[in-house]
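A.B. asks: Structure below; questions to follow.
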Amino acid sequence: MALLLITVFVFSGAAGLIYESIWSRYLGLFVGHSAYAQVIVLVIYLGGMSVGSAIAARRSARIREPLVAYAIVEGLVGLLGLVFHDAFLGVTELAYSTIFPALAGGPVLVIVKWSIAGLLILPQAILLGATCPLMSAGLIRLVSRDGRSDTGRLISVLYFANSIGAAVGVLIAGFYLIGAAGLPGTILTAAIINLLVGLTVFGAVRLAQEHEEPDSAPPPPHAAERGAPSPELPMLWRVLLIVTAGTALSSFIYEIAWVRMLSLVLGSATHSFELMLSAFILGLSLGAFWVRTRADRFRDPVRALGVTQWAMGALAILTLSAYLTSFDWMAFLIQGLDQNPEGYALFTVAKYGIALAVMLPATFCAGITLPLITRMLPNAGSGERAIGVVYSANTLGSIVGAGLAALVLMPVLGLKTLLVSGGVIDMALGVWLMFIAGRKSADTRRFAAALAGATVLAVVAASLNVHFDRGIITSGVFRYGRVPAAGARNVVFYRDGRT
C-alpha cells in the first residue's frame, strides 16, 4: 500500500503545479501581468499553502486516520477545481460591471481587486497545503504498524514523489494541455486528477481496514508521538525552524534571480519560464531522492545539515560562471539548429539542459534540507506535528523570499549581488549549524571556523572575478544567435528593475 500512496502523490504534485500555473494566467487576466501581479499571486498561493500545512500540523495528531483526511482534502480540491472556471467568470463579471465602477478612482479599488483575487484561489491553496502533512503522517503510521522506523527515508521519498510530479506537471500543462484544452480544460484535468487521487486513497484505506485481523486495532491518534522528548528539543525546534525559513527565503532569492538571468539567455517566452520552473523543481526532487537512503544513517544530522546548507550557498555562487558561459551555448544552438519543428524540439530540450546546468547544483542541496529537517524533529520526540510545522515555516520563508527578492532587492542590488546574497544566507546558516554541532567537538568547531573563512573568500572572489558585461547580457542571444565581445557594445543605460 505504501507504494500506491507514493505513486498517487506523484499525481497530486502534478495537479498542484498545474493549478499554480493556471491560476497565474487566470488572475493575470483579472489583475494584470505586471511583476507586482505575478509576485502577489505567488504570495497568495504560498500563503494559503502555509496556512493549510499549519492547520494540518496542529490537528493531525488528533485525527484517527490521516489518510482518510487526506483523501477528503484531495476530493475537496478537485470539487473546487471543477467549478473554478465558472466561478471566475461570474465573480469577475460582477466585479467589472458593479463593484469596480462604484470604486473607480478610489484607493479602495486596489484592495478590493486583490481581495477578490485572493478569495478565488485561497480555499484551494489552503487545502493543498494540508496534503503533504496528512499524507506524511498517514504513511508513517502505516509503516509503523510493521515495526519500521525509517521515517527519514519515507519523508524523503514523499518529497521526491511530489516534486517530480510537479516538475512534470508544469511541462505537461504548458507544452500540451493549455494548447489542447485551453485554460478551462487544463484546470478541469487537474481537478479530475485530485478526485481520482482522493478516491484511490480512500478505497485503498477501506480495503486495508477490511483485511485487517479482527483483533488488530489501529494505533491511537497520538501513537506517532510516543517516546520521551529530547531535553534539547526546544532549542532544536527553534534552530531548525529558523533554518527552514531561512533556506526557503534564500531558495526563492535564487529562483527569482535565476529566472531573470536566464530570461536574458533563453528568452522571456512562456515556455522558457516553464522550463526554468521545472528545472528548479527537478533539482529539489533529485536531492530528496538522494537523501532517502541516508537520512536515517547520518551520525550527526545537524552537522550533515550544516554542510549541505553551506554547500548550497557556495554552489549557487559558483553557478555564476556557468551562467556567463550559457550565452555562448545559446548562440551555438541558434546557429546550429534548423528552424523547423524538429529543430524546435531539440532547441527546447537544450534550453532545459541550460537551465539545469545553472540551477541543479544548488537546488539538489535544497532538496536534501527539508526531508532532513523533517526527519530530525520527529525522531527527537516532537511527533508527526513536526511535518506540518516545518512545511509551514518553509512556505512562510518562501513568501518573504519571493516578495523581498522581486520587489525590493532586485532593483536595489542588481542580479549578481542578489544571487550572491542568497548564497551568503545559506552559507551563514551552514556555519551557524556547524558551530551548534561543534559544542562538544573541538574538531567540528575548527571546521566551522574554516567554513566561515571560506564564506568570506567565496563572496570576495565572486565580487571581483565575475563580471556581468552589460553588452553581452542585453545582446538578445536567444533571438540573434550572436554574442558580442566583452566591452564591444556601449550600453548607455542599464538597470535591473522589477519588471
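The values are calculated or read from the model by the stated rules, or taken from the named source; none is laboratory data. Here the structure is a predicted model, which is why all the values come from computation and not from measurement. Note that we place each Cβ from the backbone using ideal geometry, even for glycine, and neighbour counts take in every protein chain shown. For accessibility, only protein heavy atoms count, side chains too; no ligands or nucleic acids. Shrake-Rupley method; radii C 1.70, N 1.55, O 1.52, S 1.80 Å.
A.B. asks: Please work out the average accessible area per residue across the chain, using the 1.4 Å probe convention, and give it in Å². Please list the in-between numbers first.
C.D. replies: Details: 21650 Å² over 499 residues.
Ligands and nucleic acids excluded, the result is 43 Å² per residue.
A.B. asks: Heavy atoms of the protein only, probe of 1.4 Å, neighbouring chains included. What is the accessible area of residue 467 in Å², nearest 10?
C.D. replies: Here the accessible area works out near 130 Å².
A.B. asks: Calculated from DSSP H runs of 4 or more alone, at -39500 (n - 2.57) each and per residue, what is the 222 nm mean residue ellipticity of the chain, nearest 500? Could you put the intermediate results ahead of the total?
C.D. replies: Working: 17 runs with 388 residues, N = 499.
Value at 222 nm, helices only: -27500 deg cm²/dmol.
A.B. asks: Extension gain residue 328-residue 407, at 0.36 nm per residue separation less the Cα-Cα distance, in nm? Could the numbers behind the result be given before it?
C.D. replies: Details: separation 79, 0.36 × 79 = 28.44 nm, distance 3.00 nm.
Extra length from residue 328 to residue 407 when fully extended: 25.4 nm.
A.B. asks: Cα centroids of segment 263-321 and segment 441-472: how far apart, whole angstrom?
C.D. replies: 19 Å
A.B. asks: Would you be so kind as to identify which of 268, 247, 322 lies farthest towards the positive end of the dipole of segment 239-332, taking Lys and Arg as +1 and Asp and Glu as -1 on Cβ and the Cα centre as origin?
C.D. replies: Result: 247, furthest along the dipole toward the positive end.
A.B. asks: At residue 180 and residue 446, where each label point lies 7 Å from the Cα along Cα→Cβ, what is the point-to-point distance in nanometres?
C.D. replies: For residue 180 paired with residue 446, the spin-label model returns 6.1 nm.
A.B. asks: Can you send over the carbon and sulfur percentage of the accessible area for segment 354-499, probe radius 1.4 Å, protein chains only? Display every interim value, and only then the final one.
C.D. replies: Working: 3880 of 6250 Å².
Answer for segment 354-499: carbon and sulfur cover 62 percent of the accessible area.
A.B. asks: Let me ask something else about it. Whole angstrom only: what separates the Cα centroid of segment 405-428 from the Cα centroid of segment 322-379?
C.D. replies: The distance from the Cα centre of segment 405-428 to that of segment 322-379 comes to 20 Å.
A.B. asks: Which order do the peptides 88-101, 354-367 come out in when sorted by mean C-beta neighbours inside 10 angstrom, highest first?
C.D. replies: So the peptides 88-101, 354-367, ranked by packing, come out 354-367, 88-101.
A.B. asks: Taking every pair of Cα atoms in segment 35-139, average 1/r, invert it to obtain the Kirkwood radius, and report Rg/Rh to two decimals. It would help to have the intermediate numbers written out before the result.
C.D. replies: Values: Rg = 16.7 Å, Rh = 15.3 Å.
Expressed as Rg/Rh, it is 1.09.
A.B. asks: Hey, another quick one. Carbon and sulfur: what percent of segment 73-134's accessible surface (1.4 Å probe)?
C.D. replies: Within segment 73-134, the accessible surface is 77 percent carbon and sulfur.
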